[in-house]
Amino acid sequence: MTRSSLLFALSLLCSAHVVQGQTEAPKNDLMLFGIVEDQRSGKPLQNVCVRVYTDSIAGDSVFTDPVGKYQTFVSLGGVHRVVYSGVGHHRKVVQLDTSGELDDAARAQEWNMRVDISLMGSDLTLPDELLDTPIGIAEWEPAMREFQWDQPYTERYKQRFKLAVKEAGKK
């Protein structure tokens with residue numbers, strides 16, 4: 001795996017079915033799940049805190065299990081920032097905008113989104129402003145009838161992050 005793919009391992013599966021082995025999402029909620037791993041080694045990270053902030057209000061936290069898995073729920077109808085933070089690693093943030101105009105049929109579906117995250121060790125000092133900026137933004141796309149990531153935004157963030165890592169390495 002290349003450094004750039006390790007640097008920003010964020011993947012998404014968005015579907016209207018329940019993933020095998022996962023708990024069903026309550027109606028009007030989206031189940032968010034995935035695996036958190038160490039960027040350098042690729043090994044799963046246990047006890048990473050995954051905290052959801054909805055419309056800037058802190059919500060529940062969950063922690064990754066021994067194989068780095070987590071699962072939490074976010075309501076349909078808000079802007080959610082999900083913060084991944086673990087001891088000895090820089091935090092990462094993703095943003096899920098579920099405030100779009102979902103029709104009744106879309107609301108009746110069980111929405112699941114997989115977000116796998118790799119956390120970088122905190123041996124380099126990076127600016128808080130960068131670490132608090134979402135690495136990806138997903139929102140409801142009515143024409144596609146699904147939640148989708150803003151790929152141009154993600155590419156811009158990746159370039160900004162690479163530059164910050166390069167600058168931090170010079171200090």
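Read the figures in this text as sums done on the coordinates, not as results from a lab. Quick caveat, the model's predicted, so the values are computed rather than measured. As a convention, Cβ positions derive from the backbone with ideal geometry for all residues, glycine included, and neighbour counts pool all protein chains shown.
Label separation (Ser122 vs Asp97): 3.1 nm, computed from points 7 Å beyond Cα along the C-beta direction.
Taking every alpha-carbon pair under 8 Å whose residues sit at least 6 apart, region 26-171 reaches a relative contact order of 24 percent. Between the amide H of Gly136 and those of Gln95, distances stay under 5 Å, these residues lying 5 or more places away or on another chain, with hydrogens modeled in the peptide plane.
On the basis of the beta-carbon distance and an R0 of 30 Å, Ala143 and Ile57 show a calculated FRET efficiency of 0.50. Over 18 Å between Cα atoms, which of Lys69/Lys92; Lys92/Lys158; Lys69/Lys158 qualify? Table pairs above 18 Å Cα-Cα are Lys69/Lys158. Computed from backbone phi, the HN-Hα couplings of region 102-118 come to 7, 6, 4, 5, 5, 5, 6, 6, 9, 9, 10, 9, 9, 10, 9, 10, 10 Hz, rounded to whole numbers (Karplus: 6.51 cos²θ - 1.76 cosθ + 1.60, θ = phi - 60°; Gly and Pro given as x). Collect residues whose amide H, placed 1.01 Å from N in the peptide plane, falls under 5 Å from the amide H of Trp111; neighbours closer than 5 in sequence don't count. Excluding prolines and chain starts, which carry no amide H, the hits are Met31. Every pair of different Cα atoms in region 3-170 enters the Kirkwood calculation, which places the hydrodynamic radius at 16.4 Å.
A straight Cα-to-Cα reach below 20 Å connects Lys162 with the aspartates and glutamates Glu37, Asp38, Asp116, Asp123, Asp128, Glu129, Asp132, Asp150, residues fewer than 8 places away in its own chain not being considered.
Take the Cβ atoms of Ala168 and Asn47, set R0 to 22 Å, and the FRET efficiency comes out at 0.30.
Summing charges over all other residues whose Cβ lies under 12 Å from the Cβ of Gln46, with Lys and Arg as +1 and Asp and Glu as -1, gives -1. In this structure, the amide hydrogen of Ser118, modeled 1.01 Å from its nitrogen in the peptide plane, lies closer than 5 angstrom to those of Ala9, Glu37, counting only residues at least 5 positions away or on a different chain. Distance between the modelled labels on Gln151 and Leu130, one decimal in nanometres: 2.5 nm (7 Å Cα→Cβ projection). Here the 3J(HN,Hα) profile of region 89-98, calculated from phi with Karplus coefficients 6.51, -1.76 and 1.60 at θ = phi - 60°, is 9, 6, 6, 9, 10, 10, 10, 10, 9, 9 Hz, Gly and Pro shown as x.
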